[in-house]
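Written out below as structure tokens is the structure these notes cover.
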Amino acid sequence: MRDITERRMWKIGGLIALVVDVGLFALAIAGLDPAGRLHALLPATLGVSLPALVAACLAVSGFFVVHPNEAKVFTFFGSYAGSSRDQGFYWTYPLVKKKGISLRVHNFASQKLKVNDFNGNPIEIAAVVVWRVTDSAKALYNVEDYESFVTVQSETGLRYLAGRFPYDTGDAGGNSLRGSQDEVAQELKLQLAERLAVAGIEIDEARLSHLAYASEIAQAMLRRQQAGAIIAARRLIVDGAVGMVKLALGDLEAQGVVKLDDERRAAMVNNLLVALVSENEARPVINTGSLYA
């Protein structure tokens, strides 16, 4: 496939060309008699008026207008002639075919796709892609329909991205779709930029707009996440309780409040850990002494 790249089209100011075109029409009209009939029998008239009339009519097809954030692409008898991005009123070669392409920023929101992540879990994923045309010739001639091309390639790139990352890594670390949003967005942008370069399209931003487990495993994964959160919370509580017990025993012995042997120290550690770690409110039992003391 021949790769066509945008190049500038020759043009002049439209007002200048309009004055010349009006002059050609005036020159053609000058060869008419007062009744409006062409002096067909006069060779001088045929040599001036008819060429001027033909040239004036052909010149009309060369006028064009470029709106802000728009490019005009020109085709001359089946060949790419050039493009113009300068907004305003211009004139170029007659008999060229003109087609406008928007250079504005576009948003594309993909549908929710059901795919498998890196671990094979079915998930639902969608993305928002911000793109714009940077090469009008590539967008018009290298692909059949550049807007449809963006849609198909964006969804293809999103499927490929989902298979490269797990939904969540938990405590294992590493990048994941849920926990590494910036890295995933950058990877998606690079993937789409590579795929859409052939159409002269640049990606400004690409981010996930929806991410969830598929309905058939959503409840199981929710329980898994809840279990992980409970385990992490328990670990934190136990670590804190051990530190508090260690601090309490150290202060009691350092200040000479009580001297404990190994058996009583173990019992105190057990009681303190139960009181600190238990989910229920601790109810202390006060020992007032033995009946036979």
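Can you give the FRET efficiency to the nearest 0.05 for LEU15 and ARG132, using r as the Cβ-Cβ distance and R₀ = 30 Å? Before the final figure, lay out the partial values.
Working: r = 31 Å, r/R0 = 1.02.
With R0 = 30 Å, the Cβ-Cβ based efficiency is 0.45.
Students often check this: by mean Cβ neighbours within 10 Å, which of 201-212, 130-141, 74-85 ranks highest, and how do the rest follow?
Numbers: 201-212: 17.3, 130-141: 20.7, 74-85: 15.3.
So the order, starting with the most tightly packed, is 130-141, 201-212, 74-85.
What full-extension length gain, to one decimal in nm, is calculated for SER209 and GLU194 as 0.36 nm per residue of separation minus the Cα-Cα distance? Display every interim value, and only then the final one.
Working: separation 15, 0.36 × 15 = 5.40 nm, distance 2.10 nm.
The span from SER209 to GLU194 would gain 3.3 nm if fully extended.
Tell me, what HN-Hα J-couplings in whole Hz come from the Karplus equation 6.51 cos²θ - 1.76 cosθ + 1.60 at θ = phi - 60° for each residue of segment 138-152, using x for Gly and Pro?
So the Karplus estimates, Gly and Pro as x, are 5, 5, 8, 10, 7, 10, 5, 9, 5, 5, 5, 4, 4, 4, 5 Hz.
Excluding GLY100 itself, calculate the net charge of residues whose Cβ lies under 9 Å from the Cβ of GLY100, where each Lys or Arg counts +1 and each Asp or Glu counts -1. Could the numbers behind the result be given before it?
Values: positive: LYS72, LYS98, LYS99; negative: GLU70.
Spelling it out: positives minus negatives among the neighbours equals +2.
Around ARG85, under 13 Å between beta carbons, what's the net of Lys plus Arg minus Asp minus Glu among the other residues?
Every neighbour counted, the sum reads +2.
Rounded to whole Hz and in sequence order, give me ³J(HN,Hα) for segment 244-255 from the Karplus expression 6.51 cos²θ - 1.76 cosθ + 1.60, θ = phi - 60°, writing x for Gly and Pro.
After applying 6.51 cos²θ - 1.76 cosθ + 1.60, I find 5, 5, 4, 5, 5, 5, x, 5, 4, 6, 5, 8 Hz.
Determine the distance separating the Cα centre of segment 139-181 from the Cα centre of segment 94-124; give it in Å without decimals.
Centre-to-centre distance over Cα atoms comes out at 11 Å.
Report the FRET efficiency, 1/(1 + (r/R0)^6), for ALA26 and THR75, where r is their Cβ-Cβ distance and R0 is 25 Å, rounded to 0.05. Intermediate results must be reported in sequence, preceding the final value.
Details: r = 32 Å, r/R0 = 1.26.
After rounding, the FRET efficiency stands at 0.20.
Quick one: Karplus J couplings for segment 55-72, per residue in order, coefficients 6.51, -1.76, 1.60, θ = phi - 60°, nearest Hz, x for Gly and Pro?
For segment 55-72, the Karplus-derived couplings read 5, 5, 5, 5, 5, 4, 6, x, 7, 7, 10, 10, 7, x, 6, 9, 10, 9 Hz, x marking Gly and Pro.
Hey, any idea what Rg/Rh is for segment 106-213, computing Rh the Kirkwood way over Cα pairs? Write down the numbers at each step before the final one.
Working: Rg = 14.4 Å, Rh = 14.1 Å.
In segment 106-213, Rg relative to Rh is 1.02.
If you add up the charges near THR75, with Lys and Arg at +1 and Asp and Glu at -1, over every other residue whose beta carbon is less than 10 angstrom from its beta carbon, what do you get? Intermediate values should be presented prior to the final figure.
Details: positive: LYS97, LYS98, LYS99; negative: none.
In short, +3.
Could you list which residues have their amide H under 5 Å from that of ASP204, counting only those 5 or more apart in sequence or on another chain, with H placed in the peptide plane?
Placed amide hydrogens put VAL130, TRP131, ARG132 under 5 Å from ASP204.
Throughout, read-outs are computed from the coordinates displayed, never taken from laboratory work. None of these values were measured; they are calculated from a predicted model. Positions of Cβ are generated from backbone atoms using ideal geometry, with glycine treated the same way; all protein chains shown enter the neighbour counts.
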